[in-house]
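Some notes on the structure that comes next.
The values are calculated or read from the model by the stated rules, or taken from the named source; none is laboratory data. Please read these numbers as outputs of a predicted model, since none were measured by experiment. Here Cβ is always computed from backbone atoms with ideal geometry, including for glycine, and neighbour counts include all displayed protein chains. The accessibility values were calculated without ligands, DNA or RNA, using every heavy atom of the protein model including side chains. Shrake-Rupley method; radii C 1.70, N 1.55, O 1.52, S 1.80 Å.
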Amino acid sequence: SLTLEERLANYVVEGSKDGLFADLDEALKKYAPLDIINGPLMRGMEEVGRLFNNNELIVAEVLQSAEVMKASVSYLEPHMEKTETSVKGKIMLATVKGDVHDIGKNLVEIILSNNGYEIVNLGIKVPPEAIIEAQRRENADIIGLSGLLVKSAQQMVTTAQDLKAAGIDTPILVGGAALTRKFTKTRIAPEYDGLVLYAKDAMNGLELANKLMD
Ligand code: B1M
């Protein structure tokens, strides 16, 4: 029979919620909520990505896996640590134009809002014009861009160029599986007037936001 950790990864791979919540309760006795997400659930997602890449899963199946991941994150959210501070700052979040992946971005939203940030989540497939318009309205302290497709990295470059052309120099935080550490200011937007920082995961995003707001 499978271990708890293997079962948790399997719910994501199988796209099944049968027994999921009981096992999440079990896991909560041993692990912090974020460790459950970053550990077994993410391992399941990595396996889904691998199977999808090998044409062993179809989009409909990956969507079910995404559902399990989302349901797990919602279930774990109330158990996450919250800091009772006054608002540290306002952060706008968007998955860039052409990209629908939002599980990572929404996890970033949870972590940041649990830690004193006001979040304006613009959703998915957000074109630069919409980000510019929202920034003029919201005047966020940080603009967070997420993207998982290889082409989303290029879309971030375009977005930074458009922000600059609109006279915006708000710090940009970028993240998502298609990016690497190299996607700092030099790669994304050497000519952008503000900072451009890469976050490897949601906690790193929080650390960087805290540094920026200090
Ligand atoms: Co898609 N998909 N997908 N997919 N999908 C990938 C990304 C892919 C790598 C799978 C693969 O082929 N191996 C591949 C991209 C290949 C490439 O570009 N080179 C891919 C593809 C090809 C596609 C489609 C084109 C498939 C198709 O239609 N033929 C299509 C694209 C549609 C589009 O965007 N226009 C597509 C669709 C989908 C679904 C809709 C079925 C579903 C998404 C559902 C949803 O998000 N609502 C889906 C999924 C689930 C995946 C995989 C399997 C898992 C992604 C995920 O949710 N991971 C993915 C393969 C993989 O990554 N293993 C894959 C869990 C999430 C918590 O991690 O988002 O990386 P992640 O977030 C991390 C960090 O990256 C970081 O923090 C999080 C963790 O703490 N982070 C930030 C993310 N954003 C951040 C922002 C920050 C800071 C940190 O600050 C602002």
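Please get the size of the charge dipole for the chain, origin at its Cα centre, with Cβ charges of +1 on Lys and Arg and -1 on Asp and Glu, quoted in debye to the nearest 20.
620
Could you identify which residue out of Gly89, Gly19, Gly194 has the top mean-square fluctuation in a GNM of the chain using Cα springs shorter than 10 Å?
Among Gly89, Gly19, Gly194, the largest GNM mean-square fluctuation belongs to Gly19.
Under a cut-off of 18 Å between alpha-carbon atoms, report the lysines in cross-link reach of Lys90, not counting same-chain residues fewer than 8 places apart.
Lys82, Lys105, Lys211
Dipole of segment 89-194, Cα-centred, from +1 at each Lys and Arg C-beta and -1 at each Asp and Glu C-beta, to the nearest 20 debye?
About 360 debye.
Out of the total accessible area of the chain (probe 1.4 Å, heavy atoms of protein only), what percent is carbon and sulfur?
52
Subtract the Cα-Cα distance of Ser16 and Val100 from 0.36 nm times their separation in residues, and report this length gain in nm to one decimal.
28.1 nm
I need the trypsin sites (Lys or Arg not before Pro) found in segment 9-100, filtered to DSSP loop residues with at most 16 other beta carbons within 10 Å of theirs.
Within segment 9-100, the qualifying trypsin sites (Lys or Arg not before Pro) (loop, at most 16 other Cβ atoms within 10 Å) are Lys17, Lys29, Lys30, Lys82.
Given an 8 Å cut-off on Cα distances and at least 6 residues of separation, report the relative contact order of the chain as a percent.
For the chain, the relative contact order is 16 percent.
Compute the accessible area per residue over segment 1-48, keeping the other protein chains in place, probe 1.4 Å, unit Å².
Here the residues of segment 1-48 average 53 Å² of exposed surface.
Is segment 1-153 best put as rounded, prolate or oblate by its Cα gyration tensor, with a ≥ b ≥ c the root eigenvalues, rounded for a/c under 1.5, and otherwise prolate when a/b is larger than b/c, oblate when not?
Note, shape of segment 1-153 comes out oblate.
For segment 70-164, just say rounded, prolate or oblate: build the C-alpha gyration tensor, square-root its eigenvalues into a ≥ b ≥ c, call rounded for a/c under 1.5, and beyond that prolate if a/b exceeds b/c, oblate if not.
Taking the square roots of the gyration eigenvalues as a ≥ b ≥ c, segment 70-164 is oblate.
Pick from Gly123, Gly176, Gly147: which residue has the top mean-square fluctuation in a GNM of the chain where Cα pairs under 10 Å get a spring?
Sorting by GNM fluctuation, first place goes to Gly123.
Determine how large the accessible area of Val100 is when every protein chain is in place; take a 1.4 Å probe and give Å² rounded to the nearest 10.
Per-residue accessible area (Val100): approximately 80 Å².
222 nm [θ] for the chain, helices only, -39500 (n - 2.57) per DSSP H run of 4+, per residue, to 500?
Counting only the DSSP helices, I get -15500 deg cm²/dmol.
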